[in-house]
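Reviewing the structure listed below.
The values are calculated or read from the model by the stated rules, or taken from the named source; none is laboratory data. Please read all numbers here as calculations on a predicted model, not as lab measurements. Methodologically, a virtual Cβ is constructed for each residue, glycine included, from the backbone with ideal geometry; neighbour enumeration extends over all protein chains shown. Remember, those area values only see protein heavy atoms, side chains included, never the ligands or the DNA or RNA. Shrake-Rupley method; radii C 1.70, N 1.55, O 1.52, S 1.80 Å.
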Amino acid sequence: MNSELHHLIQMINQISDNNLHHGDNAQAADKVATHLKKFWARSMKQQIIDYAGSDGSELTDVSKLAVARLIELRQAG
């Protein structure tokens, strides 16, 4: 794993932890996915999506849900 991907994993997990107060994991994941969609570069989003699809072992449960939600948001346009 390269250092950039490692940093992205740390960032998404931290964002997820910071959004746990929004209710359950699904609600927190929605907030995280919205944040990623708004503020992360397309390449960053693609790297985390690829990682979640190939391994994802270092992602928290909320982060995994957020990546799945991000994929849904991308497909919706």
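Solvent-accessible surface of the chain, averaged per residue with a 1.4 angstrom probe and all protein chains in place: 60 square angstrom.
Under 14 Å from the Cβ of Gln75, count the other residues' Cβ atoms, weight Lys and Arg +1, Asp and Glu -1, and hand me the total.
Local net charge: +3.
A cut-off under 15 angstrom between Cβ atoms defines the neighbours of Ser57, and their net charge, with Lys, Arg +1 and Asp, Glu -1, is -3. Solvent-accessible area assigned to carbon and sulfur over the chain amounts to 48 percent, based on a 1.4 Å probe.
Of the chymotrypsin sites (Phe, Trp or Tyr not before Pro) found in the range 1-76, not one falls in a DSSP loop while having at most 12 other beta-carbon atoms within 10 Å. The Cα center of the range 1-39 and the Cα center of the range 53-77 differ in position by 9 Å.
Considering helices alone, the calculated mean residue ellipticity of the chain at 222 nm is -25500 deg cm²/dmol, with DSSP H runs of length four and up weighted by -39500 (n - 2.57) and normalised per residue. When Lys and Arg each count +1 and Asp and Glu each count -1, what net charge do the other residues less than 15 Å away from Ile9, Cβ to Cβ, add up to? Net of charged neighbours comes to -4. Karplus-derived 3J(HN,Hα) values for the range 6-21, using 6.51 cos²θ - 1.76 cosθ + 1.60 with θ = phi - 60°, are 4, 5, 4, 4, 4, 5, 5, 5, 5, 4, 4, 4, 6, 10, 5, 6 Hz; glycine and proline are entered as x. Considering all C-alpha pairs of the chain, those separated by over 15 Å amount to 47%.
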